[in-house]
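Have a look at the structure below, then the notes.
Just so it is clear, none of the values below were taken in a lab; they were calculated from the coordinates. Computed from a prediction, not measured in an experiment: that's the story for all the values here. Note that each Cβ is placed from the backbone with ideal geometry, even for glycine, and that neighbours are counted across all protein chains shown.
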């Protein structure tokens, strides 16, 4: 696809016309190219974390999904933000349509990679906060840490966990994630 101009603002309608062979995110109308393929370490961690969440949620109303799945954070207003978090949890089935999540997921997890680290830590952090994502985890595979950000009174309260800790998922009562299994310790 022809390089997108950053000076133009795009919407979800524009996004839907882009080449399916290329992955993009759209944040406040600005397109961001996504890496073609994450590392095997990233993928293994993603699978390990998804497995724990999937087993916990079996038979419950909340559902867990892995990327790529479009999340339209502000579909009701500007519809100019479409992200594809590594993992998301949605507890309101009415937010799901045949193309992804329309609205704010209950939980989002991003596993850092060199090409997306600053976007995940700053730009997406602020977008998720602004949109009202109730829990946002940032996982650092190099430092083997998790920053679990829980929304309270319009701000994220952060808790830090190491690779051998067990971390609670606040939006899923009773859910505890064994991080040694996630990091393969």
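Ranked for footprinting exposure by Cβ neighbours inside 10 Å, fewest first, 96, 172 give 96, 172. Rounded to the nearest 0.05, the FRET efficiency derived from the C-beta distance between residue 140 and residue 98 at R0 = 41 Å is 0.75.
Pairs of alpha-carbon atoms within less than 8 angstrom and 6+ residues apart define the contacts here; what relative contact order does the range 38-183 have, in percent?
The value is 18 percent.
Between residue 153 and residue 130, the FRET efficiency estimated from the beta carbon spacing at R0 = 25 angstrom works out to 0.95. When only alpha carbons are used to place a centre, the range 122-185 and the range 18-47 end up 20 Å from one another.
Within the listed set 109, 27, 55, the residue fluctuating most in the Gaussian network model of the chain (springs between alpha-carbon atoms under 10 angstrom) is 55. Taking each DSSP H run with n ≥ 4 as -39500 (n - 2.57) and averaging over every residue of the chain yields -5500 deg cm²/dmol at 222 nm.
Stick to the Cα atoms of the chain, pair each with every other, and give me the Kirkwood hydrodynamic radius in Å at one decimal.
16.9
Neighbour counts of other Cβ atoms within 10 Å put 182, 104 in the fewest-to-most order 104, 182.
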